[in-house]
Amino acid sequence: MSKAEWRSRITAERRSQVSEDREREAVSLAAAAARLPGAVVCAYVPFGTEPGSTLLLDQLLDQGKRVLLPIVPDEPGPLGWAAYEGPSTLGPGRLRGLLEPTGSRLGPDTLGTADLVLIPALAVDDEGVRLGRGAGYYDRSLSFAAPGAALIAVVRDAELVRALPAEPHDVRMTGVLTPDQGVAPRPVMPG
């Protein structure tokens, strides 16, 4: 399948999911966050049918981690960042339905301070190829990540697939975070 076909399929599957399952997944992902490494974590606020909730962000804060969230730029380009300090510090973002931190804006190079980057995805394959929504914000941003930073895509367990179409600009994930498996490395080792 093409990237567009994968996006269409997964988006439809996400829309059909019942709210009780989404809530269970959000609690599971937040519990898994207790085992995530790193002192500085770049994450995001899930919106729409994306798995998770601010529970995961609050869990990271409770562990004493510095949590940075993306700011979508006015023009296509790399993401900006701002500190997350709790749900009351979130406000409407540039994109409809998206919440962003309301504090001081930090530049794209702030991503380089993170030990761990949690990245939204529609699917991830065995080789770490990530399928995003197609806007390219993360593909433009991940070049700012520190060498050796963990790049972890957050998906549902059913969104782990054998192979996705890849392009040269696609940044490979070093792992995935799912509600049932927790953190799992990418690429998948045979055996």
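The values are calculated or read from the model by the stated rules, or taken from the named source; none is laboratory data. These numbers come from a predicted model, not from an experiment. For neighbour counting, all protein chains shown are included, and Cβ atoms are generated from backbone atoms with ideal geometry for every residue, glycine included. What goes into the accessible areas is simple: the full protein's heavy atoms, side chains included, and nothing from ligands, DNA or RNA. Shrake-Rupley method; radii C 1.70, N 1.55, O 1.52, S 1.80 Å.
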Residues of the chain: accessible area per residue at 1.4 Å, in Å²?
-> 48 Å²
Quick one: of the DSSP bridges fully inside the chain, what percent are antiparallel, nearest 5?
-> 50 percent
How big is D for region 1-51, in µm² s⁻¹ as a whole number, if Stokes-Einstein is applied with the Kirkwood radius of its Cα pairs at 4 °C and 1.567 mPa s?
-> 99 µm²/s
Along the positive direction of the dipole of region 1-159 (beta-carbon charges: Lys, Arg +1; Asp, Glu -1; about the Cα centre), which of ALA39, GLN59, PRO70 reaches farthest?
-> PRO70
With +1 on the Cβ of every Lys and Arg and -1 on the Cβ of every Asp and Glu, the dipole magnitude of region 114-191 about its Cα centre, in debye rounded to the nearest 20, is 120 debye
Output the Cα-based Rg and Dmax of the chain in Å, rounding Rg to one decimal and Dmax to a whole number.
-> 15.4, 47
Please report, in debye to the nearest 20, how large the charge dipole of region 42-117 is about its Cα centre when each Lys and Arg carries +1 at its beta carbon and each Asp and Glu carries -1 there.
-> 80 debye
Length gain on complete extension for the stretch GLU127 to SER104, per 0.36 nm per residue less the alpha carbon to alpha carbon distance?
-> 4.6 nm
Between ALA123 and residues 5 or more places away or on another chain, which pairs have amide H atoms under 5 Å apart, with H built 1.01 Å from N, and which residues are they?
-> LEU131
Taking alpha-carbon centroids only, region 1-70 lies from region 118-191 a number of Å equal to 13 Å
Charged-residue dipole, Cβ positions (Lys, Arg, Asp, Glu), the chain about Cα centre, Debye nearest 20 = 180 debye
For the chain, which whole percent of the accessible surface, found with a 1.4 angstrom probe, sits on carbon and sulfur atoms?
-> 54 percent
Quick one: grab the alpha carbon gyration tensor of region 1-108, order the square roots of its eigenvalues as a ≥ b ≥ c, and give me rounded if a/c is under 1.5, else prolate or oblate depending on whether a/b is larger than b/c.
-> oblate
